[in-house]
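See below for the structure under consideration.
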Amino acid sequence: MSNFFAQPDALAIGKDIETLKASGLAEHLLEHKFFAGDRPSMSILFKGSLNAFNCGQLLAMYEHRVATEGFIFDCNSFDQWGVELGKVLAKDSREVFASLQNGSKTKADCIPAGKFNPATSALLNSYISNM
C-alpha cells in the first residue's frame, strides 16, 4: 500500500535534474533518473471487496473519463468504427448463447465450425464450459 500511495506523488512531482545533481547522483545516470512529473493519475480505493456495486462505480467512472476525453479530442468515444464492427460480430456470439438458452444446442455443439477465429472459439469454449 505504501507504493500505492507514493505512485501518484511520483507522477505529479517527478524529479528534476537539479535535485538529482544535488543528491550526488553520477552524471551518466541523470537521464535515467530524471522524471518530468506533472502526469495525471487516478487512484481508486474500495471499502471491503470488489463487489457488484463497487464494480459499477468503477465502470461509470471509466466511461465518464472516456466520454470526457472524447469531448476534449472532438471524437465520439462510443461510436467508433471498431465499436460498430464489434456490434456486428457480437450477433454471432449472441446466436451461440441463444441456442444454448433455448435448448436447441448443447455446450458441445453450440459453436459452429469456422464461424469464429481460433482465439475467439477457444475463449467461447472456455466460457461456455464454465457456465
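The values are calculated or read from the model by the stated rules, or taken from the named source; none is laboratory data. Everything numeric in this text was worked out from a predicted model, so none of it was measured. Cβ: placed from backbone, ideal geometry, glycine included. Neighbour counts: every protein chain shown.
For this structure, a couple of remarks:
- Gly14 on the phi > 0 side of the Ramachandran plot, surrounded by 10 or more Cβ atoms within 10 Å (Cβ to Cβ), among the small types (Gly, Ala, Ser) and at pLDDT 85 or above: yes
- Among the residues of the stretch 27-75, those identified as outside any helix (DSSP H, G or I) and in contact with a helix residue (DSSP H, G or I) (Cβ under 6 Å, 6 or more places away or on another chain) are Phe34, Gly37, Arg39, Ser41, Ser43, Phe46.
- So Ser77, is it farther than 19 Å from Lys115 by Cα, surrounded by 12 or more Cβ atoms within 10 Å (Cβ to Cβ) and either more than 15 Å from the chain's Cα centre (by Cα) or of a type in the set (Ser, Thr, Tyr) (or both): yes
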